[in-house]
Ligand code: FEO
Ligand code: CA
Ligand code: CA
Ligand code: CA
């Protein structure tokens with residue numbers, strides 16, 4: 001019997017349940033304070049003289065904003081939707097490329113049933129549920145996609161009698177196999193591609209797949225378990241959220257809400273490290289009742305083996321994934337790899353939790369095309385971001401000297417290390433995207449209802465300042481930074497906000513959003529982001545799609561495209577009600593965009609039976625490039 005029903009909670013609501021905010025607080029009465037101070041009243045992104053250091057591109061005059069409404073894109077922006085369909089602009093086509101339960105191998109064809117879903121025996125031979133980050137790889141004339149399956153909806157996967165909680169080990173196995181990563185080959189059939197069943201590239205990586213670890217925390221006492229006394233051979237990658245692609249053509253999958261998979265069946269002492277990461281109590285899927293690996297009373301270090309960036313070679317289905325401890329352990333959203341001016345590898349990363357931090361890793365070695373990649377993700381320095389109110393910022397190194405912690409502790413408990421150096425508490429950093437045409441990067445700060453209301457789990461204050469200026473921030477914003485000297489390896493940067501999401505039809509204050517938000521393009525909770533090769537910023541949302549109250553007129557979740565020079569933002573795609581849009585990659589010829597549709601409602605896309613999370617393909621009818 002389960003004690004609580006978690007099945008309808010989002011991951012952040014699950015964490016909030018364990019660590020609730022106070023019912024009343026001193027800040028509720030002063031929600032306008034920070035906004036007035038920031039000068040948002042009046043609409044424009046007026047940041048004062050500090051902004052001048054970044055040039056004028058970050059600032060939008062009324063004239064610029066007005067022009068942006070009528071120019072810049074080669075598609076006609078679409079309106080909101082509230083139905084259970086996909087909508088794209090006139091002149092574009094879309095189709096489902098692959099759905100939860102679709103066979104990767106011919107012996108699993110027909111395994112999926114609209115009534116019962118996927119049988120456990122076939123569950124590691126089909127496409128997983130709840131698609132998220134993905135990347136495209138090319139091997140000769142082959143196109144390979146690596147695609148995350150972030151989590152499962154147990155009520156959709158399990159028999160109704162289970163009431164959304166596994167009742168036996170087989171049901172746990174089913175849920176484990178529906179998550180992780182799918183690697184699959186797709187072939188260009190001139191109609192948005194199709195899956196190549198039985199391709200030798202096809203592979204499922206699940207919560208049970210054998211992995212290795214590298215970097216300074218590999219083999220540490222903190223990651224040793226009874227099953228792996230050397231601390232070098234973790235199993236499984238879980239809650240695979242956003243993604244990244246290395247310069248050398250491998251896939252980075254990012255482990256986000258790993259904490260919810262662990263629970264205690266017996267005596268268990270919660271440590272400071274467990275508390276900071278939301279570990280303890282009852283697991284979300286009852287894994288701990290059927291698998292000792294997830295039982296905190298028997299394997300208290302098992303959670304320390306999750307929450308990493310894991311590298312997968314998608315071109316070799318027999319390769320062993322590697323967890324890179326040098327990149328830190330937190331609720332990784334994505335991993336955006338760029339190169340410093342001197343050739344070192346730089347990876348930008350967000351920790352998606354209210355009041356947690358933004359990070360970057362910088363390698364010690366340099367990457368050269370075709371050269372050895374040995375050590376590039378295991379030997380380097382992890383930094384955490386500090387944003388100053390004067391629109392400058394700095395990357396603070398997390399070292400034994402700066403934190404007073406041992407190196408393995410810094411990496412396993414990166415959040416605690418970040419607190420020690422005074423990192424800036426952020427409004428849930430989701431995807432980070434680097435502009436391919438200029439030295440700047442963007443992070444979606446999706447929302448934070450606790451901004452100015454409650455400290456983070458480490459006790460760090462969350463004042464409404466800097467790039468997180470709105471208390472009780474239900475709409476989110478996108479922060480942008482430009483590294484000193486146009487070098488991603490630099491320790492300092494200048495920042496501004498590219499957009500503050502909001503609702504100008506409901507509010508006339510800072511909650512209306514910045515001037516590049518209007519009735520025709522408004523949205524809430526920016527999340528997935530990627531730049532197309534032509535320098536446009538594609539923005540996906542994971543927000544409130546009730547179309548009511550402060551979200552009235554915003555419709556279903558959506559994908560928008562931003563011109564980062566003018567500030568113009570235009571709606572390109574709307575999702576079926578209930579779904580978020582997450583995950584974006586393009587075919588090598590840039591003629592097809594692959595877009596993830598996660599947790600749809602109703603019975604999308606089949607029109608009967610269960611809703612099926614899917615990757616769709618979108619292309620222009622005239623065959624022109626869209627990426
Ligand atoms: Fe899995 Fe933070 O989104
Ligand atoms: Ca996300
Ligand atoms: Ca999200
Ligand atoms: Ca989500």
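Computed from the coordinates by the stated procedures, all read-outs in this text should not be read as laboratory data. Just so you know, these numbers come straight off a predicted model, no measurement behind them. Here the Cβ positions follow ideal geometry from the backbone for every residue, glycine too, while neighbour counts run over all protein chains shown.
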Problem - Distance from the stretch 362-427 to the stretch 555-599 (C-alpha centre basis), Å - result: 31
Fill in the blank from the handout: For 289-298, 572-581, ranked highest to lowest by mean beta-carbon neighbours within 10 Å, the order is 572-581, 289-298
Fill in the blank from the handout: Residue separation between residue 420 and residue 9 times 0.36 nm, minus their alpha-carbon distance, gives in nm 144.8 nm
Fill in the blank from the handout: So the compactness index of the stretch 362-428, its C-alpha Rg divided by 2.2 N^0.38 Å, takes the value 1.31
Problem - Calculated FRET value between residue 369 and residue 399, using beta carbons and R₀ = 45 Å, to 0.05 - result: 0.90
Practice task
May I ask you to derive the FRET efficiency for residue 226 and residue 116 from their Cβ-Cβ distance with R0 = 60 Å, giving the value to the nearest 0.05?
Solution key: 0.95
Fill in the blank from the handout: Computed over the stretch 289-371, the relative contact order (Cα-Cα under 8 Å, seq sep at least six) in percent reads 18
Problem - Gain in span if fully extended, residue 624 to residue 271, counting 0.36 nm per residue against the direct Cα distance - result: 121.5 nm
Handout entry: Amide N proximity, the stretch 173-211 versus residue 320 label position 7 Å along Cα-to-Cβ, cut-off under 12 Å
Key = 210-211
Completion exercise
Helix-only [θ] at 222 nm, the chain, -39500 (n - 2.57) per DSSP H run of 4+, per residue, nearest 500, equals -2000 deg cm²/dmol
Problem - the stretch 495-570 - convex hull of alpha carbons, volume per residue in Å³ - result: 85
Exercise for the section: Principal axes first, then extents: for the Cα atoms of the stretch 313-463, list largest minus smallest coordinate on each axis, whole Å, largest first. Expected result: 49, 38, 32
Practice task
List 462, 318, 212 from most exposed to least, where exposure is judged by having the fewest other Cβ atoms within 10 Å.
Solution key: 318, 212, 462
Practice task
Note down the nm distance, to one decimal, between modelled labels 7 Å out along Cα→Cβ at residue 138 and at residue 93.
Solution key: 2.2
Exercise for the section: Fewest Cβ neighbours within 10 Å first, please rank 373, 424, 253 accordingly. Expected result: 373, 424, 253
Problem - Added length on full extension, which subtracts the Cα-Cα distance from 0.36 nm per residue, residue 188 to residue 73 - result: 38.8 nm
Practice task
Would you mind pulling out the separation of the Cα centroids of the stretch 432-458 and the stretch 239-306, in Å?
Solution key: 23
Exercise for the section: Measure of size requested: the Rg and Dmax of the chain, with Cα atoms as the atom set and Å as the unit; please supply both. Expected result: 22.8, 65
Handout entry: Nitroxide proxy distance, nm - points 7 Å out along Cα→Cβ at residue 160 and residue 106
Key = 3.7
Practice task
With a point put 7 Å past each Cα toward its Cβ, work out how far residue 487 is from residue 509 in nm, to one decimal.
Solution key: 4.4
Exercise for the section: State, as an integer percentage, the relative contact order of the chain based on alpha-carbon contacts under 8 Å between residues 6 or more apart. Expected result: 16
Handout entry: Kirkwood-based shape ratio for the stretch 490-627, expressed as Rg/Rh from alpha carbons
Key = 1.00
Practice task
Order by neighbour count: 144, 80, fewest other Cβ atoms within 10 Å first, most last.
Solution key: 80, 144
